[in-house]
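Read the structure below first, then the notes.
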Amino acid sequence: MKPYGDRTPDTQYRDRLRQILDTGVRVSQTPQGIGAITCFGELPPMVFDLDNGAPLITERKIGFWRKPIAEIIAFINGVRTLDELSAYGCDFWEDYRGRGSSLGLEPDDLGPGSYGGAFHDFPMPDGGSFNQFEHVIEQIKNYPSIRTHLVSPWIPYYIGRGGHQKAIVSPCHGWLHFRVFGEKLSMRMDQRSADFPIGVPSNMIQYAALLLMVAKVTGLQPWKFIHTFADAHIYENQIEKVKEIIDWDEKNKTGREPRRLPTLQLNSDATDLSTFRSDDFEVEDYDPHPKMKIPYAP
């Protein structure tokens, strides 16, 4: 990465918050029971060259950045239960405790259609399971120039409503496409559903960490993380806080000015993706604005 002082302040996150507010469609009905402002397929991708810093937002302090990294590591390892997620260092899912029973699962099982099930145990026609990350890493190593380094979190027959659902939450993110350019590895992550004020900052840093991990085990240099969105939204009860986040008067120097992105350091020489843990990561040069409590959708 460039020295911290040589990096350019990044405005991509706040720019897209502003675009949602300015151009989004008002939607009165959502699964969460609260209205939202939504852009569908209209946001330009956020493109992060990791040489300019890691995408840990500075508009407000994200002090819990290890938790989303722990979450993606857990899912890579096939984790499906809340207790297993907690053991990896992620407690984001506690509100879903006990809900598996309604789908005929163990109470705290996120289901075979969840991220862990899809990433690590994708069902095969012969009744076996397929580890998508194990396969894509082998493919990157042996056939680096091809364009089919893909991973999907979506198992359609475990997601559909009407008696087919076997996932507590339909996966919102994790459609991945890796591309090798010489000795550099880039990754695009497509996000189906994006709660921009709350969920997206966690997704940004966890997938940047994933790119670092995959680059490490394939012997490549992490280069660009491209983050694209389908349904990007801000809930009605988040609007006032979002306006505070993006409020910056350059002339009068008031509000939350854009700042440089920090360094995300992976301190491990592991050769097996499954062995990384969130404690292997450190953040340096992080200079965010003060933390802010933003309401969840009810």
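The values are calculated or read from the model by the stated rules, or taken from the named source; none is laboratory data. All values derive from a computational prediction rather than experimental measurement. All Cβ positions, even for glycine, are placed from backbone atoms using ideal geometry, and neighbour counts span all protein chains on display.
Looking at region 249-298 only, could you name the residues that are β-branched (V, I, T) and in contact with a strand residue (DSSP E or B) (Cβ under 8 Å, 6 or more places away or on another chain)? Even if it seems obvious, please write down each step before you answer.
Start the filter on region 249-298 by keeping residues that are β-branched (V, I, T), which leaves 254, 263, 271, 275, 283, 294.
Answer for region 249-298, where residues must be β-branched (V, I, T) and in contact with a strand residue (DSSP E or B) (Cβ under 8 Å, 6 or more places away or on another chain): T254, T263, V283.
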Residue in region 31-48 that is under 19 Å from P197 (Cα atoms), surrounded by 14 or more Cβ atoms within 10 Å (Cβ to Cβ) and hydroxyl-bearing (S, T, Y) present: yes
Per-region count, region 238-254, residues under 24 Å from the mean Cα position of the chain (by Cα) and not in a helix (DSSP H, G or I): 0
Boolean, G63 is surrounded by fewer than 16 Cβ atoms within 10 Å (Cβ to Cβ) and modelled with pLDDT under 95: no
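Name the residue, out of P144, P201, that is touching a residue at least 24 places away in the same chain (Cβ under 8 Å) and in a loop (DSSP other than H, G, I, E, B).
P144
Going by the structure shown, is E257 at pLDDT 95 or above, of a type in the set (D, E) and either outside any strand (DSSP E or B) or farther than 23 Å from G89 by Cβ (or both)?
Working: at pLDDT 95 or above: yes; of a type in the set (D, E): yes; either outside any strand (DSSP E or B) or farther than 23 Å from G89 by Cβ (or both): yes.
Yes: the conditions hold for E257.
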Search result, residues across region 140-174 that are surrounded by fewer than 20 Cβ atoms within 10 Å (Cβ to Cβ), within 24 Å of the chain's Cα centre (by Cα), over 20 Å from V79 (Cα atoms) and β-branched (V, I, T): T148
Selected residue (criterion: nearest to R66 (Cα to Cα)) from residues of region 275-290 that are of a type outside the set (A, V, I, L, M, F, W, C), out of contact with any Gly (no Cβ under 8 Å at 6 or more places or on another chain) and buried (at least 16 other Cβ atoms within 10 Å of the Cβ): D280
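Is region 65-82 home to any residue that is under 30 Å from T8 (Cβ atoms) and in a loop (DSSP other than H, G, I, E, B)? Spell out how you get there, then give the answer.
Residues of region 65-82 that are under 30 Å from T8 (Cβ atoms), as a first pass: 65-73.
Restricting the remaining residues to those that are in a loop (DSSP other than H, G, I, E, B) gives 65.
Checked region 65-82: at least one residue is under 30 Å from T8 (Cβ atoms) and in a loop (DSSP other than H, G, I, E, B).
State yes or no: is Q19 touching a Leu at 6+ places or on another chain (Cβ under 7 Å), farther than 20 Å from S186 by Cα and not in a strand (DSSP E or B)?
Numbers: touching a Leu at 6+ places or on another chain (Cβ under 7 Å): yes; farther than 20 Å from S186 by Cα: yes; not in a strand (DSSP E or B): yes.
Against the criterion (touching a Leu at 6+ places or on another chain (Cβ under 7 Å), farther than 20 Å from S186 by Cα and not in a strand (DSSP E or B)), Q19 qualifies.
Looking at this structure, is I62 touching a Phe, Trp or Tyr at 6+ places or on another chain (Cβ under 7 Å), closer than 27 Å to E257 by Cβ and not in a helix (DSSP H, G or I)?
no
Checking the conditions here, which among D279, D231 is of a type in the set (D, E), in a helix (DSSP H, G or I) and under 21 Å from the mean Cα position of the chain (by Cα)? Show your work before the answer.
On the way: D231 fails: in a helix (DSSP H, G or I).
From the options D279, D231, the qualifying one is D279.
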Contacts under 9 angstrom Cβ, first residue in region 52-65 being touching a residue at least 40 places away in the same chain (Cβ under 8 Å) and within 18 Å of D6 (Cβ to Cβ), partner assigned to a loop (DSSP other than H, G, I, E, B) and among the acidic types (D, E), 6 or more apart: N52/D10; G53/D10; G53/D285; P55/D10; T58/D10; T58/D287
Selection within region 168-186 - among the hydroxyl-bearing types (S, T, Y) and in a loop (DSSP other than H, G, I, E, B): S170
Hits in region 220-235 - residues which are touching a residue at least 40 places away in the same chain (Cβ under 8 Å) and either under 20 Å from P144 (Cα atoms) or among the acidic types (D, E) (or both): L220, P222, W223, K224, F225, I226, D231
From the options Q139, Q165, residue that is assigned to a helix (DSSP H, G or I) and among the polar types (S, T, N, Q): Q139
